[in-house]
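Every read-out reported here was derived from the displayed coordinates using simple, explicitly stated rules and does not represent laboratory data. Every value quoted in this text rests on a predicted model; they were computed, and no experiment measured them. No Cβ is skipped: glycine too gets one built from the backbone with ideal geometry, and neighbour counts run over all protein chains shown.
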Amino acid sequence: MAKILIVEDEKAINDLLKLNLEMVGHQCVPALTGRDAIRAAGEQGFDLMLLDVMLPDMEGFAVMEKVRDVPTIFLTARGATTDKVRGFGLGADDYIVKPFEVAELLVRVQAVLRRTHREEKEYTIGDLTIRWDAHEVFQNGERVELTPQEFTLLHILIENRNVCLSRQKLLSEAWGTDFLGESRTVDVHIQKLRRKLKLEDHIKTIYKNGYRFEE
Amino acid sequence: MKLWQKTYLLSTLLCALILYGCMFGVTAPALSVTVKGATDAALREERVIAGTLERTMDQAPEGRQLPVMQTFLEYYAGTGLYFEARQDGAGYSSLTFAVDKAPGTLGFLRDQGRLYLFVSDKLPSGYDFLYLKDAAATDALLKRQVTAAALTGTLVALLMAAALYILLYRVNLPVSRLAHEMRTPLTAMKGYAETLRDAKLNEEQRYMAASYIAEESTRLSDISARLLTLHNAKEEATPFGPVDVEELFDHIQQTYPTVTYEVHWPTIFGDRAMLSSLLNNLVDNAVKASPAGAPVELRAAPNVLAVMDHGSGMSDEALNYVNHPSKFKKLHSSGGLGVPLCHQIAQAHGAKLTYARGADGGTVATVTFYNSLTS
C-alpha cells in the first residue's frame, strides 16, 4: 500500500484516479490546485504523486520543482511531446497520456512504486502470506512452491486487486509483450494458482473479460 | 506539428518565394540598366581618348611618338583611369596589375576586391590600347541596389509572415482549445466506464461512476454546441447593419428583469444576432455572480458597451482567464457560450472585451469598439 498524492483540477478525473487507486489498496490524498498539492506535500510524505500538467493556478511542472523527493507520474495531453521532454528533464518517473486506460494507469503506478522501492513488501490474505522481495508464499506458515511464472501472475493480480484484468493484459504484463501465447495459457495458470493456494474464492472469473482478484 | 502550423509554414514559404521572385524580377532590369550605363559611358570615353591620342601621335614628329603618347596618357594619372598601349613589346603602361584582354572586348574585372571596367582596342597606328576605369562607384551602386531589394523583400516577407501568423493563430485557437477541453470529459467517461466494467464496486461507487458519465456527457454536448456556434460565427459573415441599442437592451431586460440600462449611444453598426448573444452571455454571467435580486447595469456610451454587476467579484486568476482565455485554463466549467466566444464576437466587430473589478468589488465587462466601421 502506497500513499499517493493526486494533483488534478478536474474533480471527475481526480475522483476516478482516487477510486481506482484505493480499489487496489493505496491511500490517496486529492489536491485540486497546485497550491493545495504543495501544501499537502509539505505536511505529509508521499510515495508517489500523480500530477496534471495543466492546472488552473500554476503549471504542473512548477509543482514538481517545489515538491522534491516524491516519485512523480505526470498526466499530459496526447501529442504534447514538449511536455514529456520537460517532465523527464525535471526527473519525472513516467507519464500518462489522457485519455488513459485505467488498467494501464494502475500498471504504470505499480511499476514506478517498484522501481522506487516503495511497493508493499508483504501481503496477507486469510492464511496466505506472500513476501514479494523474497518471492516466497506461505500457507499456514508452510512454504508453498510456485513457478516463477505463477508467482508473477499472482503478483500482478494482487497488485491490481479488485480490478478486472483481461487475458490480453495479463499475457502482456506477466509474460511480456513478446510472448506469442494464447489466452488459454492464462486460464491454465490461473487454475493452477487457485488449486495450489486455495484461492478459488478470491480469483474470480469475470464473464467475457478476464480475471479479478478479490479480497 | 498541428495542421494550422503546417499551413502557416507552407504558405509563408510560398509567399516568401513569390516575393523574392518578384523582387528579383524588379531588380534585375534596374541592375542591367546600371551596368549598361556604366559600360556605355566607358566605351564613349575610351573612343574620345583613343581618337585624340591617335591624332596627337599623328601630329608628333617622326620618332617622338612614344614620348608624346606617354605625356598625353600621363595627363590622366590620378583620375581613376589607367592605360596600356603596346606595340611589339614597346609602349606605355600605367596599370598597377597585369591585364590580358583580346582587342575588341569590353567588360568588368576585379582586382583585390576592386571593380574595374576595361575596354580593349586596337589603334589604327597598330598599338594594342587598353582602357581601364576604376568602377568602385558603379560597384557601390550595384551593391546598394541588391541590398535594398533584399532588405525590402525580407521586410515585406516578415510583415507578411507576422500577419499570416496572427490570422491563422486567431482563427485556429478557439477551436483547438475546445478540442482540448473535450479531452477531460472523454478521459473521465472512458475511465468510469472501464471502472464500471472491471472493478468490483459497491453501490455508492457505481452510482458515482455512472453519475460522472452522465454529467460529463452533458459537458461534451455543451462543448459540441459551442463548437457549432463558433463555426457559425466564423463562417457566416452576415453583413453588418445598424443595430438599435435601446431595443437590444430592452430585449435583454425582458429575459433578465434585474437589468437596468442607460443608452448614450443609440446605434451600433454590427451583427444584431452576434451582439445580442454576446450581451446575453455577459449579462447571464453577471446575474449569476450577483446576489439574488441585485441589479445588473447595462450601459452604452459612445464606442463602449458595459455590463456591471454588484456581486462578489472575481479572483485574480478568474480575471486572468476571462481576459486572456487563450492563455489560461478555465477555472470552473459552466454552461453558456463561453468566454472565448465572447472575445471572438467582440473581435469580429473590431472591438475588445475586457473585464475589470468595479468600484464596489463587482465585475465590469467592457466592450470597447475601435473600428470606425462599427461606430
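Before moving on, here are some points about what is shown:
- Test: residue in the stretch A:41-59 that is in a helix (DSSP H, G or I), within 14 Å of chain B (Cβ to nearest Cβ) and either of a type in the set (Lys, Arg) or surrounded by fewer than 20 Cβ atoms within 10 Å (Cβ to Cβ) (or both): no
- Selection from the stretch A:188-203 of residues that are surrounded by 16 or more Cβ atoms within 10 Å (Cβ to Cβ) and within 14 Å of another protein chain (Cβ to nearest Cβ): A:HIS202, A:ILE203
- Residue count for the stretch B:109-129, restricted to those that are part of a loop (DSSP other than H, G, I, E, B) and either basic (Lys, Arg) or over 18 Å from B:VAL68 (Cβ atoms) (or both): 2
- Against the list (1) in a helix (DSSP H, G or I); (2) on the phi > 0 side of the Ramachandran plot; (3) of a type in the set (D, E, K, R), the condition A:LYS208 fails is (1).
- So A:VAL137, is it surrounded by 14 or more Cβ atoms within 10 Å (Cβ to Cβ), under 29 Å from A:LEU16 (Cα atoms) and among the β-branched types (Val, Ile, Thr): no
- Qualifying residues in the stretch A:10-35 (those that are of a type in the set (A, V, I, L, M) and within 16 Å of B:TYR192 (Cβ to Cβ)) - the one farthest from the other protein chains (Cβ to nearest Cβ): A:LEU21
- With respect to the conditions (1) within 20 Å of A:GLU119 (Cβ to Cβ); (2) assigned to a helix (DSSP H, G or I), A:ARG161 falls short on a single one, namely (2).
- Residues located in the stretch B:256-296, provided they are surrounded by fewer than 19 Cβ atoms within 10 Å (Cβ to Cβ) and either among the aromatic types (Phe, Trp, Tyr) or in a strand (DSSP E or B) (or both): B:TYR256, B:THR260, B:TYR261, B:GLU262, B:VAL263, B:TRP265, B:THR267, B:PHE269
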